[in-house]
Amino acid sequence: MADLPAVPGNNTPDASPPMHQPTTNALGFAKGFGLTFATMFKKVYTEQYPFDFYPTKARYHGRHVLNRHPDGLEKCVGCELCAWACPADAIYVEGADNTAEERYSPGERYGAIYQINYLRCIFCGLCIEACPTRSLTMSNEYELALDNREELIYTKEQLMAPLLPGMEAPPHPMRLGDSEKDYYTVESQAPLQQGAAQSTANVAGKPITGHAIEVGRHHG
Ligand code: SF4
Ligand code: SF4
């Protein structure tokens, strides 16, 4: 078998230096220590939480809120779409039928049992994207640490938005019109705006701080 032609430079040690040689000269040391010393004498910025409370960014994903229509009826229709969308299996919903005598939401169904397990929730927001009525939104409240596991399963009563002025606690008849559709017009949702301040506590006594995200708003 004939020898292959020699390739110039092949089989010879690579004479070129490595791409990144550690800098060992005095200038390098000076630059490195200079940065260290400059940092040492900078003013330290420490947030004194929990003594000082700092607001989050406006669209921070904090604890959830179950919102109400302007007359106080609940927006949740018990459809369970939020629970199906949740990747952490953190939501449990049981729907029930409204009756003429006992109405909690416009339309046929309402969320009778609603729980969010904050031991599981990763605050991804997929549940609020799935909600067809904009019942479920997230506030920017982040103070959710507790010293026991049981209380981190929030119930419907804890998650319900507080009654704002002009709202009436359900059950009660539909006040915004004869039809369920009357609850999904821009006009009927106008009193509650994006970023409106939440009241200090809901009926279960759980404080809701900060401003609501998309409270009272609906798709389109
Ligand atoms: S924010 Fe994410 S993890 Fe938490 S309940 Fe919603 S979908 Fe589940
Ligand atoms: S919060 Fe929204 S998605 Fe979840 S059950 Fe109620 S209406 Fe359906």
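Loosely packed, with under 14 Cβ neighbours inside 10 Å, farther than 15 Å from residue 142 by Cα and away from ligand 1 (no atom under 13 Å from the Cβ): does that describe residue 101? Walk me through it before giving the result.
Details: loosely packed, with under 14 Cβ neighbours inside 10 Å: yes; farther than 15 Å from residue 142 by Cα: yes; away from ligand 1 (no atom under 13 Å from the Cβ): yes.
For residue 101, the condition - loosely packed, with under 14 Cβ neighbours inside 10 Å, farther than 15 Å from residue 142 by Cα and away from ligand 1 (no atom under 13 Å from the Cβ) - is met.
Going residue by residue through region 127-141, is there one that turns out to be more than 16 Å from ligand 1 (Cβ to nearest atom), in a loop (DSSP other than H, G, I, E, B), more than 16 Å from the chain's Cα centre (by Cα) and touching a residue at least 60 places away in the same chain (Cβ under 8 Å)?
Let us first name the residues in region 127-141 that are more than 16 Å from ligand 1 (Cβ to nearest atom), namely none.
Checked region 127-141: no residue is more than 16 Å from ligand 1 (Cβ to nearest atom), in a loop (DSSP other than H, G, I, E, B), more than 16 Å from the chain's Cα centre (by Cα) and touching a residue at least 60 places away in the same chain (Cβ under 8 Å).
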Members of region 134-145 found to be surrounded by fewer than 20 Cβ atoms within 10 Å (Cβ to Cβ) and more than 23 Å from residue 177 (Cα to Cα), listed by number = 142, 143, 144, 145
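Looking only at region 75-86, which residues are assigned to a loop (DSSP other than H, G, I, E, B) and either without any contact (Cβ under 8 Å) to a residue 60 or more places away in the chain or within 7 Å of ligand 1 (Cβ to nearest atom) (or both)? Step through it out loud before you land on a result.
In the first step, residues of region 75-86 are kept if they are assigned to a loop (DSSP other than H, G, I, E, B); the result is 75-80, 86.
Once the filter is applied, which keeps residues that are assigned to a loop (DSSP other than H, G, I, E, B) and either without any contact (Cβ under 8 Å) to a residue 60 or more places away in the chain or within 7 Å of ligand 1 (Cβ to nearest atom) (or both), region 75-86 yields 77, 78, 79, 80, 86.
Filter region 38-61 for residues that are among the hydrophobic types (A, V, I, L, M, F, W, C) and surrounded by 10 or more Cβ atoms within 10 Å (Cβ to Cβ); which is farthest from residue 128 (Cα to Cα)? Don't jump to the end; show me each part of the working.
Going through region 38-61, the residues among the hydrophobic types (A, V, I, L, M, F, W, C) turn out to be 38, 40-41, 44, 51, 53, 58.
So of that shortlist, the ones also surrounded by 10 or more Cβ atoms within 10 Å (Cβ to Cβ) come out as 53, 58.
Numbers: 53: 26, 58: 16 Å.
Among residues in region 38-61 that are among the hydrophobic types (A, V, I, L, M, F, W, C) and surrounded by 10 or more Cβ atoms within 10 Å (Cβ to Cβ), the one farthest from residue 128 (Cα to Cα) is 53.
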key: For residue 120: the one exception among (1) part of a loop (DSSP other than H, G, I, E, B); (2) within 8 Å of ligand 1 (Cβ to nearest atom); (3) over 27 Å from residue 54 (Cβ atoms)   = (3)
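Please find, within region 42-74, the residue that is nearest to ligand 2 (Cβ to nearest atom) out of those that are within 19 Å of residue 174 (Cβ to Cβ) and assigned to a loop (DSSP other than H, G, I, E, B).
So the first thing to find is which residues in region 42-74 are within 19 Å of residue 174 (Cβ to Cβ), and the list is 66-74.
In the following step, the residues that additionally are assigned to a loop (DSSP other than H, G, I, E, B) were identified as 67, 69-73.
Details: 67: 9, 69: 12, 70: 17, 71: 17, 72: 16, 73: 12 Å.
Once the filter is applied, the top-ranked residue is 67.
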task = For region 54-74, enumerate the residues that are touching a residue at least 24 places away in the same chain (Cβ under 8 Å) and more than 16 Å from ligand 1 (Cβ to nearest atom).
result = 55, 57, 58, 68, 69, 70, 71, 72, 73, 74
ask   = So residue 89 fits all but one of (1) away from ligand 1 (no atom under 16 Å from the Cβ); (2) surrounded by fewer than 16 Cβ atoms within 10 Å (Cβ to Cβ); what number is the exception?
value = (1)
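Give region 95-134 a look and list any residue that's among the polar types (S, T, N, Q) and more than 14 Å from ligand 2 (Cβ to nearest atom), or say none. Let's see the steps before the verdict.
Pass one, region 95-134, residues among the polar types (S, T, N, Q): 98-99, 105, 115, 117, 133.
99, 117 - these are the residues of region 95-134 that are among the polar types (S, T, N, Q) and more than 14 Å from ligand 2 (Cβ to nearest atom).
With the structure loaded, tell me whether residue 95 is more than 11 Å from ligand 1 (Cβ to nearest atom) and at negative phi or whether it fails that test.
Working: more than 11 Å from ligand 1 (Cβ to nearest atom): yes; at negative phi: yes.
Taking the combined requirement at face value, the residue satisfies it.
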query = Of (1) at pLDDT 90 or above; (2) on the phi > 0 side of the Ramachandran plot; (3) surrounded by 20 or more Cβ atoms within 10 Å (Cβ to Cβ); (4) of a type outside the set (D, E, K, R), residue 131 satisfies all except one. Which?
reply = (2)
message = Condition first: under 30 Å from residue 53 (Cα atoms), modelled with pLDDT of 90 or more and of a type in the set (A, V, I, L, M, F, W, C). Now tell me which residues in region 139-190 satisfy that.
response = 152, 153, 159, 160
message = Quick check on region 157-168. Is at least one of its residues farther than 14 Å from residue 65 by Cβ, touching a residue at least 40 places away in the same chain (Cβ under 8 Å), among the charged types (D, E, K, R) and within 16 Å of ligand 1 (Cβ to nearest atom)?
response = no
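The values are calculated or read from the model by the stated rules, or taken from the named source; none is laboratory data. Values in this document were obtained by computation on a predicted structure and should not be read as measured data. A quick note on method: Cβ atoms are made from the backbone with ideal geometry, for glycine too, and the neighbour counts reach across all protein chains shown.
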